[in-house]
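Enquirer: Structure provided below as structure tokens; questions to follow.
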């Protein structure tokens, strides 16, 4: 089964802070790659209730189905490659492919037949290696909203957090409570549904 533990630190930044950071790290417009994240949940948000998320990521003509589930203070990612046809079938017809992700959904008692495509978040992303981790610069658009985010993906939590906090301090960027993309997407969707 294709599973990995995701340890990452993230901070929303302003557009100006984003510009300063990308300039500091010599990241140019051509360094950014666009990817679409198509999010799913049941009509009564059963995945959200379990602090889990399901998406298809479409990047460079490849499609990856990812289920994120809580694992202590981190996330466990279950990944499954899809063909374009499988991705289209799930997005358009709700036909869920067999495989690791469906097996985990069944173990969580999530009715995969009830999953619906809730929307798409498009991210323009640049990545660079940084002090034994990966520094990620994301500009995301979803539901008529745009935000900017700095992420730091690491293998070890304690030293990774210290490096990330040091980086923010060095650039005079305040630490901000930052939900992950799926949660920001959900919160915006719920806000729009209410209005």
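The values are calculated or read from the model by the stated rules, or taken from the named source; none is laboratory data. All figures in this text were calculated on a predicted structure; none of them were measured in a lab. Reconstructed Cβ throughout: ideal geometry from the backbone, glycine too, with neighbour counts over all protein chains shown.
Enquirer: Of all the residues that make up the range 145-168, how many are closer than 20 Å to residue 184 by Cα and touching a residue at least 12 places away in the same chain (Cβ under 8 Å)?
Expert: 8
Enquirer: Just need a number here: residues in the range 26-61 that are surrounded by fewer than 16 Cβ atoms within 10 Å (Cβ to Cβ), touching a helix residue (DSSP H, G or I) at 6+ places or on another chain (Cβ under 9 Å) and assigned to a strand (DSSP E or B).
Expert: Count: 0.
Enquirer: Which of the residues spanning the range 108-133 are on the phi > 0 side of the Ramachandran plot and in a loop (DSSP other than H, G, I, E, B)?
Expert: 109, 131, 132
Enquirer: Out of the residues in the range 112-132 meeting the condition of being out of contact with any helix residue (DSSP H, G or I) (no Cβ under 6 Å at 6 or more places or on another chain) and over 22 Å from residue 183 (Cβ atoms), tell me which one is surrounded by the fewest Cβ atoms within 10 Å (Cβ to Cβ).
Expert: If we take residues in the range 112-132 being out of contact with any helix residue (DSSP H, G or I) (no Cβ under 6 Å at 6 or more places or on another chain) and over 22 Å from residue 183 (Cβ atoms), then 129 is surrounded by the fewest Cβ atoms within 10 Å (Cβ to Cβ).
Enquirer: From the list 156, 98, 146, exactly one residue is exposed (fewer than 14 other Cβ atoms within 10 Å of the Cβ) and more than 22 Å from residue 53 (Cβ to Cβ). Which is it?
Expert: 156
Enquirer: Going through 146, 166 one at a time, which residue ends up being part of a strand (DSSP E or B), out of contact with any helix residue (DSSP H, G or I) (no Cβ under 8 Å at 6 or more places or on another chain) and at pLDDT 95 or above?
Expert: Testing whether each residue is part of a strand (DSSP E or B), out of contact with any helix residue (DSSP H, G or I) (no Cβ under 8 Å at 6 or more places or on another chain) and at pLDDT 95 or above leaves just 146.
Enquirer: May I ask you to say which residue of 67, 76, 105 is in contact (Cβ under 8 Å) with a residue 12 or more places away in the chain, surrounded by 14 or more Cβ atoms within 10 Å (Cβ to Cβ), touching a helix residue (DSSP H, G or I) at 6+ places or on another chain (Cβ under 7 Å) and part of a strand (DSSP E or B)?
Expert: None of the others qualify; the one that does is 67.
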